[in-house]
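Structure, as structure tokens:
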Amino acid sequence: MAESWSFLDTFEHNFRPLVVIEFAKGTKEETIDWFTKRIVDKKANGGAQLLVKPLVTENGNENIYLVGASHLRLLLGAETVGLVKECNDNSMRTFTYSSRKTFKDFADDNHNFLTMAEGQYIIKHELENLRAKDEKMIPGYPQAKLYPGKSIVRRLLTSGVLVQIFALHDREELKKLRHSWYGRVKVGYQPLDEIRCYFGETVALYFGFLEYFTFALIPMAVIGIPYYVFAWEDYDKYVMFATFNLLWSTVILEVWKRICSVMTYRWGTLLMKRQFEEPRPGFHGVLGINPVTGREEPVYSSIKRQIRIYLVSLPFVCLCLYFSLYVMMIYFDLEQWALDYHEENESNFSSLMLFVPSIIYAVVIEIMNRIYRYAAEFLTSWENHRLESSYQNHLVLKVLVFNFLNCFASLFYIAFVLFDMKLLRQSLATLLITSQILNQFAESLLPYWLQKRHKKRMKKRMCSLKTDADLSLVEQINLEKEMGTYFGTFDDYLELFLQFGYVSLFSCVYPLAAVFAVLNNITEIYSDALKMCRVYKRPFAEPTANIGVWQLAFETMSVIAVVTNCILIGMSPQVNALFPDSKMDLILTVALVEHLLLAIKFIMAFVIPDKPRDIQIKLAKLEFESLEALKQQVRATDMYNSEK
């Protein structure tokens with residue numbers, strides 16, 4: 001067994017627990033022995049070469065293990081995963097152990113050179129890359145089959161042997177972060193650098209984008225208020241507002257690219273090499289040799305994957321889209337019933353009943369979105385994508401297509417089939433406000449309340465233990481292992497994407513959409529900060545250079561918004577009055593304006609550089625130095641060979 005690590009033991013001062021592994025109760029000892037041996041074994045023997053200690057409590061339970069690593073092991077791991085750190089000359093370079101002295105704040109006795117989040121990311125990377133070699137099954141569980149190349153951690157999780165693996169919070173650092181982040185209500189920027197140091201770049205980029213998007217919405221909200229108050233029915237006055245909206249949507253997305261590149265360069269992730277991405281933990285196949293890297297890794301036929309995508313996943317998605325349209329038609333039947341009821345009764349109650357179908361439909365939309373999300377995750381995992389980026393791209397595509405149709409199909413139907421602008425305004429306002437309220441409740445308020453109740457129960461239980469020992473570590477782990485799991489920024493970006501659609505697609509019909517979006521996002525910043533620090537386990541840091549496929553999703557939405565707003569303006573009575581004799585002239589004019597606006601959008605996207613000039617120069621300089629170093633290495637090799 002691994003060396004005992006009890007809250008009563010204090011002799012092992014150098015061991016710093018970073019990651020917690022929880023086995024299922026009653027897990028066989030031979031299984032734990034085998035897995036912990038693989039963790040501590042040398043890399044050459046297929047191990048991770050990490051440190052493991054069981055957390056032994058008074059009742060003798062040993063189903064929780066703490067994982068750490070020596071300072072040297074973390075430094076070598078930083079080189080393996082390609083972390084980028086700041087050098088003494090203020091440049092950003094990929095860390096290598098051989099050149100460690102050239103990096104700022106590095107010292108052999110400085111164990112804070114790597115942040116705790118970076119250490120946890122390295123350990124997670126090593127654990128996920130533990131793969132079976134000659135084993136046919138998990139020892140002690142003959143039904144849990146293994147084959148060469150299978151992820152051991154993945155098999156232990158799916159077999160129920162392993163309950164969870166999570167990163168441990170640093171309570172002192174978390175307290176400081178909470179105070180500077182949301183401890184007091186203030187008007188100002190978020191501490192993004194501190195968020196990045198604690199939670200990693202992916203979480204920090206989301207909060208940076210949320211903050212930026214909220215500030216970017218303020219001009220739309222300020223302009224939208226007078227348009228709503230003074231020009232409700234005059235669609236010709238909305239032409240300028242809609243045009244501003246369309247140009248605004250392009251500018252904010254292009255400016256965000258520049259802001260994002262500045263942040264990620266400062267954090268080092270803009271330079272991280274991603275060409276040879278490791279296989280994702282859920283990827284399985286026969287163990288083979290990667291022809292590019294020469295490393296052993298699972299191999300799976302791309303033809304089998306394509307068959308699964310086009311013969312199973314695609315038909316399933318189409319079936320779900322059809323079901324979504326069917327539910328939408330039921331909603332319109334309810335709308336007609338509410339309208340007939342109001343015409344018959346003409347009372348305050350009947351007036352309120354007009355909003356009931358939209359509210360019910362908004363709730364149904366949220367429920368369908370969440371159910372479909374689980375199905376999409378299962379299908380995408382079953383497709384067996386090799387890379388995490390490929391998995392995320394296919395998952396995002398599935399979810400976005402369904403969510404776009406589910407949330408916006410009724411609005412398009414009202415606008416372009418029923419031609420009912422009053423119902424469109426009512427439906428848009430109801431869907432937007434209801435979805436925001438439901439998301440705030442489901443994602444923040446409810447989890448926070450449940451977590452608070454559990455924390456009170458856990459503290460009572462810990463206080464009942466009769467011991468003089470320091471219970472802080474045991475108490476912390478027992479509290480954190482019951483906390484909810486943060487599954488990444490997917491749902492958060494999806495919420496912003498749908499909000500962006502509500503604001504941009506029908507801006508000339510409901511200018512107040514931006515106002516409600518700003519109010520929601522201000523509360524969203526605080527509620528999301530609260531859930532990250534108080535509700536969820538600490539997520540593992542994930543280095544990233546941008547918001548990924550979501551940038552393309554937002555840009556696609558802005559293009560659709562051009563077409564939608566141009567058609568809505570072309571449908572207005574004021575614009576129709578300009579073409580009393582020929583509808584074809586109206587259609588051609590609207591198409592011309594739409595093409596002109598699209599051309600302006602693409603020209604602006606081309607003219608505005610994705611990276612500021614100084615960042616471009618720094619990147620070019622690093623590339624030049626890398627080429628020069630490679631040339632010198634080749635010359636030295638040639639000279640050595642010639643002397644021989």
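Of note:
- Among (1) closer than 25 Å to G46 by Cβ; (2) open to solvent by 40 Å² or more (accessible area, probe 1.4 Å); (3) at pLDDT below 90, the one test that L76 misses: (3)
- Residue match in region 186-194 (condition: β-branched (V, I, T), open to solvent by 40 Å² or more (accessible area, probe 1.4 Å) and over 30 Å from Q551 (Cβ atoms)): no
Let's see how each residue does on (1) of a type in the set (G, A, S); (2) in contact with a strand residue (DSSP E or B) (Cβ under 7 Å, 6 or more places away or on another chain):
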residue	(1), (2)
G82	yes, yes
T102	no, yes
F113	no, no
G119	yes, no
P142	no, no
G160	yes, no
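- Annotation note: Cβ proximity below 9 Å between a residue of region 497-521 that is touching a residue at least 24 places away in the same chain (Cβ under 8 Å) and closer than 17 Å to L246 by Cβ and a residue that is part of a loop (DSSP other than H, G, I, E, B) and among the polar types (S, T, N, Q) (sequence gap 6+ or interchain) occurs for C508/S572; A513/S507; A514/S507.
- Any pair with Cβ under 6 angstrom, 6 or more apart, that starts in region 376-394 at a residue that is over 16 Å from P298 (Cα atoms) and ends at one that is open to solvent by 40 Å² or more (accessible area, probe 1.4 Å): T380/H394; N393/V549
- Hey, E173 at pLDDT 90 or above, open to solvent by less than 60 Å² (accessible area, probe 1.4 Å) and charged (D, E, K, R) or not: no
- Qualifying residue in region 124-132 (condition: open to solvent by 30 Å² or more (accessible area, probe 1.4 Å) and at pLDDT below 90): yes
- Segments classed as strands (runs of 3 or more DSSP E), wholly inside region 65-171, with at least 2 members that are free of Cβ contacts under 8 Å to residues at least 60 places away in the same chain: 141-145
- Y374 assigned to a helix (DSSP H, G or I) and surrounded by fewer than 18 Cβ atoms within 10 Å (Cβ to Cβ): yes
- Where T544 falls short, out of the listed (1) of a type outside the set (A, V, I, L, M, F, W, C); (2) within 30 Å of V229 (Cα to Cα); (3) open to solvent by less than 40 Å² (accessible area, probe 1.4 Å); (4) not in a helix (DSSP H, G or I): (2)
- Against the numbered list (1) within 17 Å of F416 (Cβ to Cβ); (2) open to solvent by 40 Å² or more (accessible area, probe 1.4 Å); (3) at pLDDT 85 or above, P609 comes up short only at (1).
- Region 274-299, residues that are at pLDDT 75 or above, open to solvent by 40 Å² or more (accessible area, probe 1.4 Å) and not aliphatic (A, V, I, L, M): H284
- Count of residues meeting criterion [open to solvent by 40 Å² or more (accessible area, probe 1.4 Å) and modelled with pLDDT of 85 or more] in region 142-157: 5
- Pairs, first in contact (Cβ under 8 Å) with a residue 60 or more places away in the chain and closer than 19 Å to E254 by Cβ in region 591-603, second assigned to a helix (DSSP H, G or I) and open to solvent by less than 40 Å² (accessible area, probe 1.4 Å), C-beta under 6 Å, six or more apart: L597/L246; L597/V562; K601/T250
- Boolean, L55 is under 19 Å from P543 (Cβ atoms) and not basic (K, R): no
- Close pairs from region 400-428: first under 15 Å from L354 (Cα atoms) and open to solvent by less than 10 Å² (accessible area, probe 1.4 Å), partner part of a helix (DSSP H, G or I) and of a type in the set (S, T, Y), Cβ under 8 Å, at least 6 apart: S427/S358; S427/S410; L428/Y502
- Scan of region 381-420 for residues that are of a type in the set (A, V, I, L, M, F, W, C), out of contact with any Asp or Glu (no Cβ under 7 Å at 6 or more places or on another chain) and in a loop (DSSP other than H, G, I, E, B), ordered by number: F419
- Residues of region 334-367 that turn out to be farther than 15 Å from L411 by Cα, of a type in the set (D, E, K, R) and in contact with a helix residue (DSSP H, G or I) (Cβ under 9 Å, 6 or more places away or on another chain), as a count: 3
- Per the listing A517, A513, the residue uniquely surrounded by 14 or more Cβ atoms within 10 Å (Cβ to Cβ), at pLDDT 90 or above, of a type in the set (A, V, I, L, M) and out of contact with any Cys (no Cβ under 7 Å at 6 or more places or on another chain) is A517.
- Against the criterion of being open to solvent by less than 40 Å² (accessible area, probe 1.4 Å), in a loop (DSSP other than H, G, I, E, B) and at pLDDT 85 or above, G501 does not qualify.
- L598 being assigned to a helix (DSSP H, G or I) and either open to solvent by 70 Å² or more (accessible area, probe 1.4 Å) or at pLDDT below 85 (or both): no
- Residue in region 200-209 that is outside any helix (DSSP H, G or I) and either open to solvent by less than 10 Å² (accessible area, probe 1.4 Å) or at pLDDT 95 or above (or both) present: yes
- Taking residues in region 604-624 that are on the phi < 0 side of the Ramachandran plot, and partners anywhere that are assigned to a helix (DSSP H, G or I) and modelled with pLDDT under 85, the pairs with Cβ atoms closer than 6 Å and at least 6 places apart or on different chains are M604/T250.
- Per-region count, region 344-366, residues free of Cβ contacts under 8 Å to residues at least 60 places away in the same chain and under 37 Å from the mean Cα position of the chain (by Cα): 4
Let's see how each residue does on (1) over 30 Å from L428 (Cβ atoms); (2) at pLDDT below 85; (3) within 21 Å of the chain's Cα centre (by Cα); (4) surrounded by 13 or more Cβ atoms within 10 Å (Cβ to Cβ):
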position	(1), (2), (3), (4)
V262	yes, no, yes, yes
S301	yes, yes, no, no
F316	no, no, no, yes
L319	no, no, no, no
H342	no, yes, no, yes
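- Candidates are the residues of region 547-571 that are in a helix (DSSP H, G or I) and under 15 Å from the mean Cα position of the chain (by Cα); the one that is surrounded by the fewest Cβ atoms within 10 Å (Cβ to Cβ) is L552.
The values are calculated or read from the model by the stated rules, or taken from the named source; none is laboratory data. What you are looking at is a predicted structure, and each value in this text was computed from that prediction instead of being measured. Positions of Cβ are backbone-derived with ideal geometry, glycine not excepted, and every protein chain shown enters the neighbour counts. All accessible areas refer to the heavy atoms of the entire protein, side chains included, with ligands and DNA or RNA removed. Shrake-Rupley method; radii C 1.70, N 1.55, O 1.52, S 1.80 Å.
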